[in-house]
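Undergrad: Pasting in a structure now, in structure tokens, and then I'll have a few things to ask.
The values are calculated or read from the model by the stated rules, or taken from the named source; none is laboratory data. Since this is a predicted model, take the numbers as computed values, not measurements. A quick note on method: Cβ atoms are made from the backbone with ideal geometry, for glycine too, and the neighbour counts reach across all protein chains shown. Accessible surface is based on the protein model in full, side chains and every heavy atom, while ligands, DNA and RNA are left aside. Shrake-Rupley method; radii C 1.70, N 1.55, O 1.52, S 1.80 Å.
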Amino acid sequence: YLAAWRSTHKDLLSELNRAWRSRNPEYLRAQDFKRRSRVKANGGTMTAKDVSEALESACGICSYCLQPSDDLCLDHVVAIARGGLNDPSNIVAACRRCNSIKKDRGILYMVGRCESAGVTPQPRTIFS
């Protein structure tokens with residue numbers, strides 16, 4: 001039910017999110033600082049070239065669900081929150097849906113989820 005409601009009320013949700021962000025800038029700054037601190041502590045470096053190469057090598061296919069997507073984003077295989085490096089060896093291209101589902105869970109969670117849906121992710125797309 002909630003997913004259906006969200007899909008029909010996207011404009012309302014966007015406006016509510018914008019309003020919340022404008023009322024809570026200190027929370028957003030704290031979250032941003034926390035993430036930047038984790039990235040710095042975990043190590044690794046990633047350039048704009050690394051990002052574009054990762055997205056181009058995916059050829060428009062999500063590394064988890066193997067579905068074509070025009071809106072691929074980068075996902076850390078081992079999440080920054082779990083100690084993963086911010087490094088090209090730890091990123092894959094994922095559709096926004098899979099990236100949102102995975103959150104900071106491990107790769108085995110996504111493999112199990114994909115297999116239960118009848119999709120077997122290709123290891124070479126995840127760990128190239």
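Undergrad: With ASP75, ASP70 as the choices, which residue is without any contact (Cβ under 8 Å) to a residue 60 or more places away in the chain, closer than 22 Å to ALA93 by Cα and either of a type in the set (Val, Ile, Thr) or open to solvent by 50 Å² or more (accessible area, probe 1.4 Å) (or both)? Can you show your working first?
TA: Values: ASP75 fails: either of a type in the set (Val, Ile, Thr) or open to solvent by 50 Å² or more (accessible area, probe 1.4 Å) (or both).
Just one listed residue meets the conditions, ASP70.
Undergrad: Let me ask something additional. With ALA41, ALA94 as the choices, which residue is touching a Cys at 6+ places or on another chain (Cβ under 9 Å) and either of a type outside the set (S, T, N, Q) or surrounded by 13 or more Cβ atoms within 10 Å (Cβ to Cβ) (or both)? Outline the logic, then answer.
TA: Details: ALA41 fails: touching a Cys at 6+ places or on another chain (Cβ under 9 Å).
From the options ALA41, ALA94, the qualifying one is ALA94.
Undergrad: Could you please tell me which pairs satisfy a Cβ distance under 9 Å, a separation of 6+ or placement on different chains, a first residue in the stretch 81-100 that is in a strand (DSSP E or B), and a second residue that is open to solvent by 50 Å² or more (accessible area, probe 1.4 Å) and among the small types (Gly, Ala, Ser)?
TA: VAL92/SER128; ALA93/SER57
Undergrad: Next question, about the same structure. Do you know which residues across the stretch 17-33 are charged (D, E, K, R) and surrounded by 11 or more Cβ atoms within 10 Å (Cβ to Cβ)? Spell out the reasoning first.
TA: Restricting attention to the stretch 17-33, the residues satisfying the condition of being charged (D, E, K, R) are 18, 21, 23, 26, 29, 32.
Within the stretch 17-33, ARG21 is the sole residue that qualifies.
Undergrad: Considering only the stretch 1-44, state which residues are small (Gly, Ala, Ser) and either within 21 Å of LEU74 (Cβ to Cβ) or in contact (Cβ under 8 Å) with a residue 60 or more places away in the chain (or both). Break it down into steps so the answer makes sense when it comes.
TA: Residues of the stretch 1-44 that are small (Gly, Ala, Ser), as a first pass: 3-4, 7, 14, 19, 22, 30, 37, 41, 43-44.
Those that are small (Gly, Ala, Ser) and either within 21 Å of LEU74 (Cβ to Cβ) or in contact (Cβ under 8 Å) with a residue 60 or more places away in the chain (or both): SER37, ALA41, GLY43, GLY44.
Undergrad: Hey, does the stretch 44-54 have a residue that's of a type in the set (Ser, Thr, Tyr) and surrounded by 11 or more Cβ atoms within 10 Å (Cβ to Cβ)?
TA: Filtering the stretch 44-54 for residues of a type in the set (Ser, Thr, Tyr) gives 45, 47, 52.
Next cut, surrounded by 11 or more Cβ atoms within 10 Å (Cβ to Cβ) only: none.
Taking every residue of the stretch 44-54 in turn, none turns out to be of a type in the set (Ser, Thr, Tyr) and surrounded by 11 or more Cβ atoms within 10 Å (Cβ to Cβ).
Undergrad: Output the number of residues of the stretch 65-115 satisfying the condition of being of a type in the set (Gly, Ala, Ser) and on the phi > 0 side of the Ramachandran plot.
TA: So the answer is 1.
Undergrad: Determine whether the stretch 50-59 contains at least one residue that is at positive phi and modelled with pLDDT of 90 or more. Lay out the reasoning, then the answer.
TA: At the first step, the residues of the stretch 50-59 found to be at positive phi are 59.
Next, from what is left, pick out any that are modelled with pLDDT of 90 or more: 59.
Within the stretch 50-59 (the criterion being at positive phi and modelled with pLDDT of 90 or more), the answer is yes, since at least one residue qualifies.
Undergrad: To continue, here is another question. Quick check: is even one residue across the stretch 45-62 under 27 Å from VAL119 (Cα atoms), in a loop (DSSP other than H, G, I, E, B) and either in contact (Cβ under 8 Å) with a residue 40 or more places away in the chain or of a type in the set (Phe, Trp, Tyr) (or both)?
TA: Applying the first criterion (under 27 Å from VAL119 (Cα atoms)) to the stretch 45-62 yields 51-62.
Next, from what is left, pick out any that are in a loop (DSSP other than H, G, I, E, B): 58-60, 62.
After this cut, where a residue has to be either in contact (Cβ under 8 Å) with a residue 40 or more places away in the chain or of a type in the set (Phe, Trp, Tyr) (or both) as well, the list is 58.
Within the stretch 45-62, one or more residues are under 27 Å from VAL119 (Cα atoms), in a loop (DSSP other than H, G, I, E, B) and either in contact (Cβ under 8 Å) with a residue 40 or more places away in the chain or of a type in the set (Phe, Trp, Tyr) (or both).
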